[in-house]
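For reference, the structure is listed below as structure tokens.
The values are calculated or read from the model by the stated rules, or taken from the named source; none is laboratory data. For clarity, every value in this text was computed on a predicted model and none was experimentally measured. Cβ sites come from the backbone with ideal geometry, for glycine too, and all protein chains shown count toward neighbours. What goes into the accessible areas is simple: the full protein's heavy atoms, side chains included, and nothing from ligands, DNA or RNA. Shrake-Rupley method; radii C 1.70, N 1.55, O 1.52, S 1.80 Å.
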Amino acid sequence: TAITTTIANNAVTVAKMQTLAGLSVLGRSANSTGNMAAITGTAANQYLRVNSGGTALEWGAITAVTGSGAAGQGTYWTGTNTIAGSVVYLVDVTNGRIQLNTTGSAVTPTAHYDLRVGTVSGNDIAAHLQGSVSNDWTATLYNTRSAAGGANSIWEAKVAATTSGDPFYRAIVTGGKTWSWGVDNSDADKFKLRPQVDLATGATGGEGLTITAAVTPLVGINTDAPAHPLDVNGIARALTWTSRTDATGATSTFGLGAGGSPSLFAAVYPNGNMGTIRFTTGSSPTANAVIVNVVPPAAVRHANKIYVTFSPLNAATAGEIDKFYIDPSGTTPGNIAFKSNGALTAATEYYLSFIVMGHQ
């Protein structure tokens with residue numbers, strides 16, 4: 001007798017179904033509607049796949065990706081289906097570090113991106129970044145730590161020894177100028193800024209800016225051998241010149257060129273390297289004699305002669321400016337001895353101003 005009652009959905013359990021041979025799955029292998037059947041694997045390392053014609057399911061051998069390597073090595077393709085580990089490409093997963101090392105002596109990476117290149121004959125480019133960007137093309141070294149005073153951002157250029165080349169940077173405008181700046185290893189480790197491709201001496205010998213590596217650095221503009229805190233090979237110009245205010249205590253003494261018993265109206269030294277002296281000559285000023293000797297403060301004094309600019313700023317004696325000059329022999333090294341060319345007029349008021357500009 002036929003049973004026509006429909007079995008409820010999900011009523012047949014797995015245990016009530018027929019048994020299968022080992023390494024089988026129950027399914028429909030043909031690309032058509034029909035009864036299920038066991039699809040049985042027959043060999044090791046097979047997997048269930050659609051055949052190459054896309055018409056049926058089949059068990060097939062795995063097209064293996066094979067290779068060898070060691071712990072900590074990165075992998076790369078050595079062929080269509082083969083990979084290998086590399087002693088050149090190392091990965092430190094624990095610390096998040098990657099190393100490319102062609103030196104032949106692989107070590108644990110010390111930086112998150114660690115590039116070590118062996119001996120190369122000629123030039124080599126360690127990293128190349130290129131893009132066509134309509135706005136800024138930026139490389140940022142950003143330390144986001146804000147609570148630690150030592151949280152610096154440091155970009156280093158380093159060479160192996162004092163016998164090596166120069167560590168320097170270069171900025172290039174294609175078709176325009178090239179600038180380089182860094183440490184000239186062969187010239188006492190001076191810092192140089194050059195309008196050229198490297199730090200070598202240019203056509204005139206000292207183009208650009210040079211700063212010595214002395215304890216108290218000297219700065220040279222268009223000179224490679226600055227001898228002073230600021231040494232300019234050429235004309236220097238400024239809208240404002242300010243004298244130093246930390247040097248005080250200048251003194252002055254009259255000589256025979258000011259006559260007998262000259263009277264001092266005022267001697268003002270607002271700063272150590274400038275001053276004004278207003279005085280009236282005494283009787284019978286001696287010709288070609290020291291009028292007044294100024295002793296500047298030690299901070300602006302020098303064993304060699306000090307060069308000054310000066311002027312007798314008094315309308316009545318304006319025509320006598322050529323009577324004042326600085327005694328080239330001086331009286332004491334570092335002092336300023338104003339001497340007369342001829343004789344000053346007796347009982348006449350003179351107003352002398354001076355500024356110490358420097359020395360050699």
Exercise. Is there a residue in region 198-211 that is touching a strand residue (DSSP E or B) at 6+ places or on another chain (Cβ under 8 Å), charged (D, E, K, R) and within 26 Å of I125 (Cβ to Cβ)?
Worked result: yes
Exercise. How many residues are of a type outside the set (S, T, N, Q), in a loop (DSSP other than H, G, I, E, B) and open to solvent by 50 Å² or more (accessible area, probe 1.4 Å) if we restrict to region 167-185?
Worked result: 3
Problem set entry | Residue that is nearest to the chain's Cα centre (by Cα), among those in region 269-321 that are among the hydroxyl-bearing types (S, T, Y) and at pLDDT 70 or above | T276
Problem set entry | Listing of strands (runs of 3 or more DSSP E) fully contained in region 186-231 that carry 2 or more residues being closer than 27 Å to G175 by Cβ | 190-194
Exercise. Among the residues of region 118-172, how many are more than 17 Å from the chain's Cα centre (by Cα), β-branched (V, I, T) and closer than 21 Å to G182 by Cα?
Worked result: 3
Seminar exercise, completed: I125 passes all but one of the listed conditions (1) more than 30 Å from L193 (Cβ to Cβ); (2) exposed (fewer than 11 other Cβ atoms within 10 Å of the Cβ); (3) hydrophobic (A, V, I, L, M, F, W, C); the exception is number (1)
For this session: May I ask you to list the residues in region 177-188 that are within 17 Å of E156 (Cα to Cα) and over 15 Å from the mean Cα position of the chain (by Cα)?
Result: N185
Exercise. If you go through region 138-151 one residue at a time, do you hit one that is closer than 26 Å to L199 by Cβ and surrounded by 10 or more Cβ atoms within 10 Å (Cβ to Cβ)?
Worked result: no
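Taking the options M17, M36, name whichever one is over 30 Å from V65 (Cα atoms) and touching a Lys or Arg at 6+ places or on another chain (Cβ under 6 Å).
Every option except M36 fails the conditions.
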For this session: Exactly one condition in (1) assigned to a loop (DSSP other than H, G, I, E, B); (2) in contact with a Leu (Cβ under 6 Å, 6 or more places away or on another chain) is not met by T119; state its number.
Result: (2)
Seminar exercise, completed: Residues of region 85-108 being buried (at least 16 other Cβ atoms within 10 Å of the Cβ) and more than 23 Å from S121 (Cα to Cα), in sequence order, are G85, S86, L90, V91, R97, I98
